[in-house]
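Below: the structure, in structure tokens.
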Amino acid sequence: MEGDDLMSNIPDKKDAQNAIETLVRYIENIDGPLREGLLDTPKRVIDAYEELYQGYTIDADNLLDATFNAEGYDGIVLLRDIEFHSTCEHHMLPFTGSAHVAYIPVEKIVGISKLARLVELHALRLQNQERITKSIADDLERVLQPLGCAVIIEAKHGCMQCRGVKKQNSVMTTSTMKGVFFDNSEARIELLQLINNKLN
């Protein structure tokens, strides 16, 4: 069947290791056997990739399916400073930062660890920052159906730091505002104050 043919074309782990060995040989200009320090590099790289890109194996609907009754709470729920590591899809270089995820419940709330795991789900893929930001907000809106949700991400990008323009301290900020956070400036201002003010 056509679907089976497509599946058979997906590289397996050995194919992936061979591809990494080819890259190592290209980088080091090696025509003979790999030196001792590189012998296990292809396996180690693929093992690391399986961890770095495990976001492809997780489904947002399953992750967020354990919700609770909001019991009338209608204020902002904010999980701030969620650190994450991701990989730029353009150069396969890392970018690292913090995400701030907020929503205003109508009927459903979700455990706070799920918000952090939702950030990880999208970060642990080949990504761009804009897509991560929008995807987190889209998942919250679809599953929780809140009055509003917002995602703000700040990150430093390896592709800016170690190649190209080589700017070490530049920070990229992206945001997605939905529902009341988009429509109502007071809600948006309150959210930004919560993010920017360290509460004692």
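The values are calculated or read from the model by the stated rules, or taken from the named source; none is laboratory data. Every value quoted in this text rests on a predicted model; they were computed, and no experiment measured them. Positions of Cβ are backbone-derived with ideal geometry, glycine not excepted, and every protein chain shown enters the neighbour counts.
Listed by first and then second residue, the pairs with beta-carbon distance under 8 Å, at least 6 apart or on different chains, first residue in the stretch 75-87 and under 21 Å from VAL106 (Cα atoms), second assigned to a loop (DSSP other than H, G, I, E, B), are VAL77/PRO105.
If you check GLY32 against the conditions, is it assigned by TED's automatic domain parsing to the domain that holds THR96 and loosely packed, with under 10 Cβ neighbours inside 10 Å? Criteria not met by GLY32.
Within the stretch 35-52, being exposed (fewer than 11 other Cβ atoms within 10 Å of the Cβ) and at pLDDT 95 or above holds for ALA48, GLU51.
Among the residues making up the stretch 142-165, those that are under 24 Å from GLU89 (Cβ atoms) and assigned to a helix (DSSP H, G or I) are ARG142, GLY158, CYS159, MET160, GLN161. Could you tell me whether ILE76 is surrounded by 17 or more Cβ atoms within 10 Å (Cβ to Cβ) and out of contact with any Pro (no Cβ under 6 Å at 6 or more places or on another chain)? Judged against the criteria, ILE76 is a match. Taking (1) more than 22 Å from the chain's Cα centre (by Cα); (2) within 21 Å of LEU121 (Cβ to Cβ) in turn, ASP183 satisfies each apart from (2).
Which residue is surrounded by the most Cβ atoms within 10 Å (Cβ to Cβ), if the candidates are limited to the stretch 53-71 and must be more than 14 Å from the chain's Cα centre (by Cα) and over 22 Å from THR176 (Cα atoms)? Checking each candidate, the answer is ALA70.
The rows are residues; the columns are (1) charged (D, E, K, R); (2) in a strand (DSSP E or B); (3) within 11 Å of the chain's Cα centre (by Cα).
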| site | (1), (2), (3) |
| --- | --- |
| TYR73 | no, no, no |
| HIS90 | no, no, no |
| ILE136 | no, no, yes |
| LYS178 | yes, yes, no |
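For the stretch 88-114, a tally of residues being of a type in the set (Ser, Thr, Tyr), free of Cβ contacts under 8 Å to residues at least 60 places away in the same chain and surrounded by fewer than 19 Cβ atoms within 10 Å (Cβ to Cβ) returns 2. Somewhere in the stretch 167-177, is a residue in the same structural domain as GLY75 (by TED's automatic domain parsing), of a type outside the set (Phe, Trp, Tyr) and crowded, with 20+ Cβ neighbours inside 10 Å? Yes, the conditions are met somewhere in the stretch 167-177. The set of residues from the stretch 107-134 being within 19 Å of VAL77 (Cα to Cα) and part of a helix (DSSP H, G or I) comprises ILE112, SER113, LYS114, LEU115, ALA116, ARG117, LEU118, VAL119, GLU120, THR133, LYS134.
Residues checked against (1) in the same structural domain as LEU140 (by TED's automatic domain parsing); (2) touching a strand residue (DSSP E or B) at 6+ places or on another chain (Cβ under 9 Å):
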| position | (1), (2) |
| --- | --- |
| THR57 | no, no |
| GLY72 | yes, no |
| PHE84 | yes, yes |
| VAL110 | yes, yes |
| LEU115 | yes, yes |
| GLU120 | yes, yes |
